[in-house]
Amino acid sequence: FTPQPDRVAIVTGGTDGIGYSTAKRLARLGMHVIIAGNNDGKAEEVVRKIKEETLNVKVEFLYCDLASMASIWRFVQKFKMKKIPLHVLVNNAGVMMVPQRKTRDGFEEHFGLNYLGHFLLTNLLLDTLRESGSPGHSARVVTVSSATHYVAELNMDDLQSSACYSPHGAYAQSKLALVLFTYHLQRLLAAAGSHVTANVVDPGVVDTGLYRHVFWGTRLVKKLLGWLLFKTPDEGARTSVYAAVTPELEGVGGRYLYNETEIRSLPITYDQTLQQQLWSKSCEMTGILDVTLRYPVSG
């Protein structure tokens, strides 16, 4: 990819796994990279390592706990005080198959952190993204979903999975919500004529710390077959980086990308009524204005 010296990127969950690899690859392209994460202890070491390996001094860490709406607001405030543009937002952070527990705001953790946290963060940064994009050089929102969305169900009456909790079901639902969110966001951006695009990526099955909570049998299989089945975080980050910088996707949004190629997501994700319902409900849950009402989006 061509160098991107004047562009600014935010990567959530950039201290570990795919996020770390993504942040490093973008830094290597000369971008000013801001890692948004809740791992204070690791941050300094991560920033130092990326600077050293990429010879790029424009790498920094800003605290953001996606499980707390107050923390997301504070992060955005701090970022905006820098008075810099934002060309790429990579919504990458996530928890996977954790036991049933709640975020600071009382949401089920998968739905609250993986989905709602990124929903709020993206919405709060949209004005900066809009101002930073220009004709032929759009700003980009890249959201990391997962193939588990293919087996997910979205229960609009029980988004918190409180009726019957299954870690796998809750995780899959949060990843499905991210696909619906991306498609609706792209339609909103296009309707408003913004130079911002939104795409969703599936990194494949990547060997990261996310598998901590998975049943021991799976862990055993992972140990024995890991090198055969699993991608490294660097390989997993490839599609995120591709979506963030490739000229091929200039001005192109609303795509589901796997191995740097567009594929079809679950059929229900293209249901515009469902996209709209989830969006409005998410606005309600995060306490932000539903901009959809301002831009009537037609199919």
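Remarks
- Label zone at V291 (point 7 Å along Cα-to-Cβ), backbone N below 18 Å, segment 1-21: 10
- The phi torsions of segment 143-155, fed into the Karplus equation with coefficients 6.51, -1.76 and 1.60 and a -60° offset, translate into couplings of 10, 8, 9, 6, 4, 4, 5, 5, 10, 8, 10, 9, 9 Hz, rounded to whole numbers, with Gly and Pro shown as x.
- Interchain or long-range residues, amide H under 5 Å from T143's placed H: N91, N199, V200, V201
- FRET efficiency for the pair D271 and E235, taken as 1/(1 + (r/R0)^6) with r the Cβ-Cβ distance and R0 = 22 Å, rounds to 0.10.
- Here the 3J(HN,Hα) profile of segment 277-290, calculated from phi with Karplus coefficients 6.51, -1.76 and 1.60 at θ = phi - 60°, is 4, 5, 4, 4, 5, 5, 4, 4, 5, 9, x, 10, 5, 7 Hz, Gly and Pro shown as x.
- Length added when fully stretched, L55-R74, from 0.36 nm per residue minus Cα-Cα: 3.9 nm
- DSSP beta bridges in the chain [antiparallel fraction, %, rounded to 5]: 15
- Global geometry of segment 1-87, whether rounded, prolate or oblate, following the gyration tensor of its Cα atoms and the 1.5 cut on a/c: oblate
- Modelled label positions at E248 and H137, each set 7 Å beyond Cα in the direction of Cβ, lie 2.3 nm from each other.
- Mean residue ellipticity (222 nm) of the chain, computed from DSSP H runs ≥ 4 via -39,500 (n - 2.57), nearest 500: -13500 deg cm²/dmol
- Over segment 8-291, Cα pairs under 8 Å with separation of 6+ residues give a relative contact order of 19 percent.
None of the figures in this text is laboratory data; all of them are computed from the coordinates on show. Quick caveat: nothing in here was measured; it's all calculated off a predicted structure. Ideal geometry is used to build each Cβ from the backbone, glycine not excepted, and the neighbour counts take in all protein chains shown.
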